[in-house]
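Here is the structure we will look at.
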Protein chains: 4
Amino acid sequence: MAVTIADRYRAVREATIALAAPLAAEDQVVQSMPDASPTKWHLAHTTWFFETMVLAAFDPAHRPVDERYCFLFNSYYEGLGDRQPRPRRGLITRPTLDEVRAYRDAVDASMARLLHSGAAPEAIDRTELGLQHEQQHQELILTDIQHALWSNPLRPAYRDAPASASPSAPPIEWIRHDEGVVEVGHAGRGFAFDNEAPRHRVFLEAFAIADRAVTCGEFADFIADGGYRRPELWLSDGWAAVRAEGWTAPFYWEQRDGSWWEFTLAGMREIERAAAVSHVSHFEADAYARWAGARLPTEFEWEQAAEWPLPGRVWEWTSSAYLPYPRFVPLAGDLGEYNGKFMSGQMVLRGGSCLTPASHIRRTY
Amino acid sequence: MAVTIADRYRAVREATIALAAPLAAEDQVVQSMPDASPTKWHLAHTTWFFETMVLAAFDPAHRPVDERYCFLFNSYYEGLGDRQPRPRRGLITRPTLDEVRAYRDAVDASMARLLHSGAAPEAIDRTELGLQHEQQHQELILTDIQHALWSNPLRPAYRDAPASASPSAPPIEWIRHDEGVVEVGHAGRGFAFDNEAPRHRVFLEAFAIADRAVTCGEFADFIADGGYRRPELWLSDGWAAVRAEGWTAPFYWEQRDGSWWEFTLAGMREIERAAAVSHVSHFEADAYARWAGARLPTEFEWEQAAEWPLPGRVWEWTSSAYLPYPRFVPLAGDLGEYNGKFMSGQMVLRGGSCLTPASHIRRTY
Amino acid sequence: MAVTIADRYRAVREATIALAAPLAAEDQVVQSMPDASPTKWHLAHTTWFFETMVLAAFDPAHRPVDERYCFLFNSYYEGLGDRQPRPRRGLITRPTLDEVRAYRDAVDASMARLLHSGAAPEAIDRTELGLQHEQQHQELILTDIQHALWSNPLRPAYRDAPASASPSAPPIEWIRHDEGVVEVGHAGRGFAFDNEAPRHRVFLEAFAIADRAVTCGEFADFIADGGYRRPELWLSDGWAAVRAEGWTAPFYWEQRDGSWWEFTLAGMREIERAAAVSHVSHFEADAYARWAGARLPTEFEWEQAAEWPLPGRVWEWTSSAYLPYPRFVPLAGDLGEYNGKFMSGQMVLRGGSCLTPASHIRRTY
Amino acid sequence: MAVTIADRYRAVREATIALAAPLAAEDQVVQSMPDASPTKWHLAHTTWFFETMVLAAFDPAHRPVDERYCFLFNSYYEGLGDRQPRPRRGLITRPTLDEVRAYRDAVDASMARLLHSGAAPEAIDRTELGLQHEQQHQELILTDIQHALWSNPLRPAYRDAPASASPSAPPIEWIRHDEGVVEVGHAGRGFAFDNEAPRHRVFLEAFAIADRAVTCGEFADFIADGGYRRPELWLSDGWAAVRAEGWTAPFYWEQRDGSWWEFTLAGMREIERAAAVSHVSHFEADAYARWAGARLPTEFEWEQAAEWPLPGRVWEWTSSAYLPYPRFVPLAGDLGEYNGKFMSGQMVLRGGSCLTPASHIRRTY
């Protein structure tokens, strides 16, 4: 029997609550850096998204659960009025976690009524967008709480350690692709964000791409070979960051008695040499590639090379800047702010990570 | 029957818990500015003080409740090793509030045993110092939480509003004092901090001092007369602050429909014209005094003029810099860091406020 | 008769001196912002480039004019050792302007000897690169001194005002281009920087491009229509800059009695409505295009559309990030740092401006 | 024959020009830190002081040499309108040095006419104040240019090295003073700034004071004994500065091959162990005193102990905050801003240095 949108709604929303379950109320309110958000804020913001984008638009009987929440939990939609500045989200001690949970329950009840009463197709599309949005925030909950727990000198763990990966990785194979005009971007009927479209043509010169991600062991070799002390390997802004911030290894790595350890959601652990390296910046990925005698793929090379189903173990940096596709048109109304206005000064990540919900991974994402 | 040190210990410690009672766990973990501390940190730090300064020194059987707490809850004692940087106290989500309460209970139990078993006089002196220290932190809990709640756009209240003060204040009377050599500083047997001693002589020129504090109504008159727009009323650094930070009124004041409102522990409330003004900086007090054709008293003028019992409604700024008295000798050992090393760049406040525990007010404080 | 490289060397070097001639010694030493350089530094740095990249490599008899100049006047070549930090170039009061002129004379004399004695082809290529480099700095001298003079409240002029442009601009015509695979990048024998190569293929979807630049009058219309107050017109980082820095017009514009004035090299002048607008950031260009119902061209659209000879009145923003072309290979040795390492976080400008030497403009630049 | 005010005016003004003589125009325009001023600015500001405070008030025929100079060269007088922000004084490349010299000449000519034509007593008092003010700036010219030359990696010298001091200093003798009420502050007929008055009584406890300044050799011993690594020697804010800014020695000191060198107006030179140490902050002086088992004197102890004539080799830190004396009344009018408004957050220096003009040293200064 088919999974209904109502089923999917409930499953995604429950998954979010399950992610927060191991955390204390105190863990969920703190903001450990300006770019991160508290767990409680994620819980409330994703709820606000459904309330504002679905209930307010399609449920005539809906009244705001609390009119002040739009100020507190709007992320960046200029069209929806003023809002709490992002670096000050950690000051929202009230509503408390219990009150935010009650907010979720109230919106979930209204959403269930709407979806069971035969919602309009547009309402279902918006609901699907809201679920994709919540899945993005599920990943952010984990990356943000990892930083928050790392910021505590006690270095508490979020969960137990998973079983180890295999002790060694196979040698890299280089997969060759011929030159030619190819179609890229999202096509077809499944969900995709507006910035994955429209499908369009690009010319690719011939290229080769590795068949697996770089491992922690390989990255440790890069460090041992002076990777963080050799300016010729780095982009200029990257080298400036290395010097200004004293980079000597990926963000969560620490050297202890000659070995590399890493802060993970399971606490401090020795790196696994065969596991894919993660938490590296675009600058570090670029420098590694130059050291290895290669370069980062463009986003379209990556997209052509991606096998389906995607392994999805780590997000992968490309050499492409985040820019609109030809004929890109943002969504209408306030939702047009979802993606379009961020298309400057960022590089494209592709794929997904072990923190990304599996149903959220697509080749064009 | 006399109040024993054990009775007094229990009373002070319970008063701290009572202060935190109206707050949610989330309220108690957040740090709203680098100079403030979370409630939970105050609860743990005052406990760490007894554990380190009393139990570790005088109870041979004592073992640290958790060895990592010295790093987390040491405030500034260089002699006791590295510690969590002050602006990062808000990142200590663990230990949780419940764990901190358990820490308090464990230390209280050990302290009770020690005090009931006939502690050495020095242990009792140290306990008394710890209680005075905890009373200082009781006041800080309230001032810090006031800032934290103010930082939340919802402006939640900590408590209900107290009954109003009388509608008008009597005219100021100026009390004259003759010139002469007087003795200042703490003398006698009651407790005093090391910086209140030694008692010594100063020469005071003749002066007059007002018999009551400045009221909110008087301060509103200063604002209405352009007080914040007239550089000639301000010290140079004060005027720089007025311009750089856009001061137009005391920190917690806001104008609404032509009236002045103030954020208090009871939430936003219209100012009471007859109440003493509070939360003004030294620069604002100095500018007000110049506007009123007066000046701030020196700390010794204040001390000479103070009537016993002190009304203690607001802390009062003096024109004196915070400097050591002649022949000042800090306490021995780590406690020597308690006061001495802060004697630079600060001005002297005298008196106490409605947030200061009554048993904590002295004429030389 | 052909222009020899020695002739060209002398002409370019003299042009630089002519640019500095209207300036006082004091004008030439000051650095008005961290990203700008003093005129005197430009004079010395371009000289250092010839000394290091040509004389040191190809003239066995050459000895450094002053060994300390490599530290002072190296711009960013990590391979050539430590150097004066860029934001501190304004602190180099010594060598004085006269000493820097003597430095230029000494290097010019050595270069003339080398070029007249039959220099090796590689030495001539390096000399040509140095001249192109000096032409880049000629433009920087003018843009940097414009900022320095603007920073002086007296707003002194560098030169007299040029004759006015025509009073009105013709309507914009949109030139259509069909879709297809095209070749882009530098090909052929004339000089080009390494980042203009290699020539490669890209697929362009059909597009149309305006036949002239946006005028000051059109930009003033954008402002009058609330362009700087409407977040929906801006990229997110652009809107953040508008708010954080209070942008209300292009950098050098000021409103006086209802008219727009602009600080130019000829001092403060009323804008000319028919003249091409300049000194706008990528964010402003992007917002203007969105307001006008268009978008910025990609760099390859721009390159396809460019007619030869280029008008070259203003640099034009494209929507392309500055990234390496496929198979891009930096120059060998220290010169490899010239362009490659800056390929991150910047957008591509194409064309040239009225400050760009005419012999320096190319379609692929 | 008596020295007339006109003679004295000419002598002080010529001394300023003589101080600037060894400097290039480029040296005189640069501002090497926000708190320093360019030499050219000092030359113009002291001239502006005479123009504004004397000529504008007492010479009915006087017209401003250039009306824009009041904006450029007013230091901090709020009553005289807006002015160039202090950290941007280095951007004033125009008027050029030659134009500033012409400004000085024009004002000097007017002042000479005024002083020879029988100026009013108040005009003469103001002239005397202006000369004292210019002598303060003579000292600032040297301290500011020392920082500017130090900021240049070439470390150029301003002048030749003076003859060495004697190789060893005599042992310190402690001069005892009895307790008692004493009179302090300026009395009598010679010139004094408003903040040296009024004369008033203070009570001093008995104290002893060293008969000579601390030497470089003694300070080097303090460093060798870990002075900069022992927090117990420092005030809290001082220790924070040591850690935040990485202090390991006085500002201009550098270690070379195990010896201490110092940047002086004669360039880098090895320290002379018997010479008085200079360029130490109040925090360093305080820490040194604590290390040596002593303390800094209060300003009144210093004043009582000072023998006349004062040796005046180095300014000496006291433990007194800079605060008004009892019954202090600032000068009337704009000159009231000269001293009064800076009375917060600073500590008192007493004496004078080898950079202070000899005729400028007083016991109460």
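Restricting the stretch C:90-106 to residues that are touching a Pro at 6+ places or on another chain (Cβ under 9 Å) and closer than 12 Å to D:ALA25 by Cβ leaves a set whose member that is least open to solvent (accessible area, probe 1.4 Å) is C:THR93. Being farther than 19 Å from A:ASP237 by Cβ, crowded, with 16+ Cβ neighbours inside 10 Å and of a type in the set (Ser, Thr, Tyr) is a condition met by no residue of the stretch A:301-320. Have a look at A:ARG295, A:ARG363 and point out the one that is more than 10 Å from chain C (Cβ to nearest Cβ) and open to solvent by 50 Å² or more (accessible area, probe 1.4 Å). A:ARG363 is the lone residue from the list that is more than 10 Å from chain C (Cβ to nearest Cβ) and open to solvent by 50 Å² or more (accessible area, probe 1.4 Å). Considering the stretch D:179-203, and only residues there that are over 21 Å from D:LEU335 (Cα atoms) and open to solvent by less than 60 Å² (accessible area, probe 1.4 Å), the residue that is nearest to the other protein chains (Cβ to nearest Cβ) turns out to be D:PHE203. Confirm whether A:GLN138 is within 16 Å of A:THR47 (Cα to Cα) and either among the hydroxyl-bearing types (Ser, Thr, Tyr) or not in a loop (DSSP other than H, G, I, E, B) (or both). Taking the combined requirement at face value, the residue satisfies it.
Assessment of the stretch B:70-84 against the conditions (within 9 Å of another protein chain (Cβ to nearest Cβ), in a helix (DSSP H, G or I), open to solvent by 20 Å² or more (accessible area, probe 1.4 Å) and of a type in the set (Asp, Glu)) yields at least one matching residue. Beta carbons closer than 6 Å, at least 6 apart along the sequence or on distinct chains, pair a first residue in the stretch C:96-121 that is of a type in the set (Phe, Trp, Tyr) with a second that is in a loop (DSSP other than H, G, I, E, B) and open to solvent by 50 Å² or more (accessible area, probe 1.4 Å) for C:TYR103/C:VAL65.
A search for C-beta distances below 8 Å between a residue of the stretch C:134-162 that is away from every other protein chain (no Cβ under 11 Å) and any residue that is of a type in the set (Lys, Arg) and open to solvent by less than 20 Å² (accessible area, probe 1.4 Å), counting only pairs 6+ apart in sequence or on different chains, returns C:GLU134/C:ARG13. Checking every residue in the stretch C:317-334 against the condition of being within 16 Å of the chain's Cα centre (by Cα), assigned to a strand (DSSP E or B) and more than 8 Å from every other protein chain (Cβ to nearest Cβ) gives at least one match.
Looking across the stretch A:341-365 at every residue that is assigned to a loop (DSSP other than H, G, I, E, B) and of a type in the set (A, V, I, L, M), the one that is nearest to A:VAL277 (Cα to Cα) is identified as A:LEU355. Being more than 30 Å from C:ASP237 (Cβ to Cβ), under 26 Å from the mean Cα position of the chain (by Cα) and either facing another protein chain (nearest Cβ under 10 Å) or modelled with pLDDT under 95 (or both) is the requirement here; does A:LEU97 meet it? When the stated conditions are applied, A:LEU97 passes them. For C:ASP27, state whether it is out of contact with any Asp or Glu (no Cβ under 6 Å at 6 or more places or on another chain), part of a loop (DSSP other than H, G, I, E, B) and in contact (Cβ under 8 Å) with a residue 24 or more places away in the chain. Criteria not met by C:ASP27.
Let's see how each residue does on (1) part of a helix (DSSP H, G or I); (2) under 18 Å from the mean Cα position of the chain (by Cα); (3) buried (at least 24 other Cβ atoms within 10 Å of the Cβ); (4) free of Cβ contacts under 8 Å to residues at least 24 places away in the same chain:
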site: B:ARG13; (1), (2), (3), (4): yes, yes, no, no
site: B:LEU23; (1), (2), (3), (4): no, no, no, no
site: B:SER32; (1), (2), (3), (4): no, yes, no, no
site: B:HIS42; (1), (2), (3), (4): yes, yes, yes, no
site: B:THR46; (1), (2), (3), (4): yes, yes, yes, no
site: B:VAL54; (1), (2), (3), (4): yes, no, yes, no
site: B:PRO64; (1), (2), (3), (4): no, no, no, yes
site: B:GLU67; (1), (2), (3), (4): no, no, no, yes
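Only a single criterion out of (1) without any contact (Cβ under 8 Å) to a residue 60 or more places away in the chain; (2) part of a helix (DSSP H, G or I); (3) touching a strand residue (DSSP E or B) at 6+ places or on another chain (Cβ under 6 Å) is not satisfied by D:ILE172, namely (2).
The values are calculated or read from the model by the stated rules, or taken from the named source; none is laboratory data. All values reported here derive from a predicted model rather than from experimental measurement. Reconstructed Cβ throughout: ideal geometry from the backbone, glycine too, with neighbour counts over all protein chains shown. Calculation scope for accessible area: heavy atoms of the full protein, side chains included, ligands and nucleic acids excluded. Shrake-Rupley method; radii C 1.70, N 1.55, O 1.52, S 1.80 Å.
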